[in-house]
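Here's the structure we're looking at; comments come further down.
FYI, it's all coordinate maths here, none of it is from the lab. None of these values were measured; they are calculated from a predicted model. Cβ atoms come from the backbone with ideal geometry, glycine included; neighbour counts cover every protein chain shown.
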């Protein structure tokens with residue numbers, strides 16, 4: 001992990017860009033963070049494309065920092081400046097074609113689009129966790145926040161250092177991930193935008209139902225994909241505070 | 001409205017039982033309430049049977065009082081000490097028979113069970129509102145909290161003094177109420193117990209979908225009918241504070 005830039009934001013949050021191998025990423029730590037009191041960590045998931053996602057990620061990170069949490073994210077495989085994968089690009093083209101033709105998206109397309117992404121991204125986030133938890137200003141426990149919900153689901157199953165997750169419903173979910181969801185046992189807080197046109201609502205409800213966790217909460221709100229109301233963001237923040245503080 | 005008893009609870013809340021015509025009811029006002037600062041009001045809905053429901057209603061009322069709200073409730077038609085209605089009793093017997101036989105409950109039974117109850121209860125709650133808002137210690141705005149969700153839905157449509165509602169999904173809903181739900185425009189916060197055995201989850205989701213409100217939020221949690229987690233109760237309280245304070 002190699003820090004490439006550092007700036008102190010107006011609310012005292014320290015924002016550092018880094019490269020992790022070839023992968024770009026960003027780490028935010030609270031202004032109050034010190035070696036004597038390492039901060040719990042929230043991994044910020046997103047759909048890929050750090051430059052495009054930066055404003056929303058930074059806003060989530062600053063909110064987390066105001067609650068005393070560090071936050072970090074990395075670019076997804078095949079997004080932003082990272083090399084494209086021919087098979088994933090083909091699956092994306094097939095998806096676009098199906099959507100434009102008004103066809104339902106086949107399980108085959110969803111599998112080809114999402115499963116290789118999950119297979120590649122999850123070990124990267126786990127390695128990132130090794131690196132972040134070796135920093136003196138970051139302690140634990142660790143939460144995962146955001147989409148891609150299939151990545152969050154797999155991480156919740158395979159990574160024991162992640163103790164809670166806020167998951168954003170709203171992307172295509174392969175059948176295999178529904179099976180993995182039954183193995184999730186950590187507390188979950190799932191956000192669903194009820195009228196998100198790009199989202200299969202019934203699939204999101206089925207996935208929520210499949211999660212094996214004893215404590216799981218679904219918060220459904222009106223508004224489109226990026227229209228999560230402020231009060232819903234605050235409720236998700238309270239979930240992290242309740243479990244990580 | 002005739003007060004029949006009065007006691008000061010240990011947290012300073014004033015609890016007064018009353019009769020409203022022939023209908024028994026309870027009013028709770030915050031210890032801090034005074035004529036100079038009349039309290040907003042929350043009407044506490046319930047499935048009927050005040051003596052049985054008292055512990056849970058009192059807990060909700062004391063929580064509301066700690067947020068600065070008055071709270072009031074009355075017995076439902078045909079419940080508690082109020083006279084039974086032969087047609088409603090017949091519908092209830094038919095419901096019990098269908099459930100015991102493992103049959104699906106017909107629309108006809110639901111209509112006969114719920115619609116006359118809504119028709120009778122809603123004007124009673126509206127008249128109660130007249131009486132309560134004439135008390136110097138109660139001002140407004142007014143929220144409705146609880147079940148029966150069909151009563152809350154009808155009230156939200158026909159009673160302009162009710163400005164927000166927390167609705168508990170979990171009872172049989174007549175087809176006509178789904179139509180009325182489309183006319184609801186006030187902010188709604190709907191609580192759904194995901195694994196409530198006595199509840200038709202899909203019907204609850206359909207009703208949430210039908211509400212016409214621009215701001216509506218669904219909070220689904222694990223646990224049975226009476227197992228609403230403490231954090232979910234607190235989230236509902238914050239909804240009232242956000243809108244009524």
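Structure data summary
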| read-out | value |
| --- | --- |
| Acute angle (nearest 10 degrees) that the helix B:86-100 long axis makes with the longest principal axis of chain B, alpha-carbon atoms | 60 |
| Other-copy label distances relative to residue A:8, 7 angstrom Cα-Cβ extension, nm | 5.4 |
| D (Stokes-Einstein, µm²/s), Kirkwood Cα radius, the stretch A:95-220, 1.306 mPa s at 10 °C | 104 |
| Two-decimal log10 I(q)/I(0) for the stretch B:1-142, as the Debye equation yields it once each C-alpha is a single scatterer, q = 0.11 Å⁻¹ | -0.47 |
| Value of Rg/Rh across the stretch B:19-72 [Cα atoms, Kirkwood radius] | 1.00 |
| Highest-MSF residue in chain B out of B:183, B:215, B:137 [GNM, Cα springs under 10 Å] | B:215 |
| Stokes-Einstein D for the protein assembly as shown, Kirkwood Rh over Cα pairs, 20 °C, 1.002 mPa s (µm²/s) | 86 |
| Antiparallel bridges, percent of DSSP beta bridges restricted to the protein assembly as shown (to nearest 5) | 45 |
| Residue exposure sequence - A:20, A:69 - by fewest surrounding Cβ within 10 Å | A:20, A:69 |
| Ranking of B:185, B:217 by count of other Cβ atoms within 10 Å, fewest first | B:185, B:217 |
| Alpha-carbon Debye profile of the stretch B:46-110, log10 I(q)/I(0) at 0.23, 0.24, 0.29 Å⁻¹ | -0.94, -0.97, -1.15 |
| Nearest-ten-degree value, helix A:149-158 long axis tilted from longest Cα axis of chain A | 60 |
| Other copies of residue A:68: label-to-label distances in nm, shortest first, labels 7 Å along the beta-carbon direction | 2.7 |
| Folded to 0 to 90 degrees: helix A:50-66 orientation relative to chain A principal axis, Cα | 50 |
| Angstrom value of the Kirkwood radius, inverse mean 1/r, which spans all Cα pairs in the stretch A:76-166 | 14.8 |
| Exposure proxy order (Cβ contacts within 10 Å, fewest to most) of B:177, B:42, B:151 | B:177, B:151, B:42 |
| Chain B - share of DSSP beta bridges that are antiparallel (%, nearest 5) | 45 |
| Share of pairwise Cα separations in the stretch B:199-245, more than 13 Å, in percent | 66 |
| Structure-based [θ]222 nm, the protein assembly as shown - -39500 (n - 2.57) summed over DSSP H runs of at least 4, per residue, nearest 500 | -13500 deg cm²/dmol |
| Surface/4 estimate of mean projected area, convex hull on alpha-carbon atoms of chain A, nm² | 12.4 |
| Simple label model, 7 Å out from Cα along Cβ direction - residue B:119 to residue A:101, nm | 5.4 |
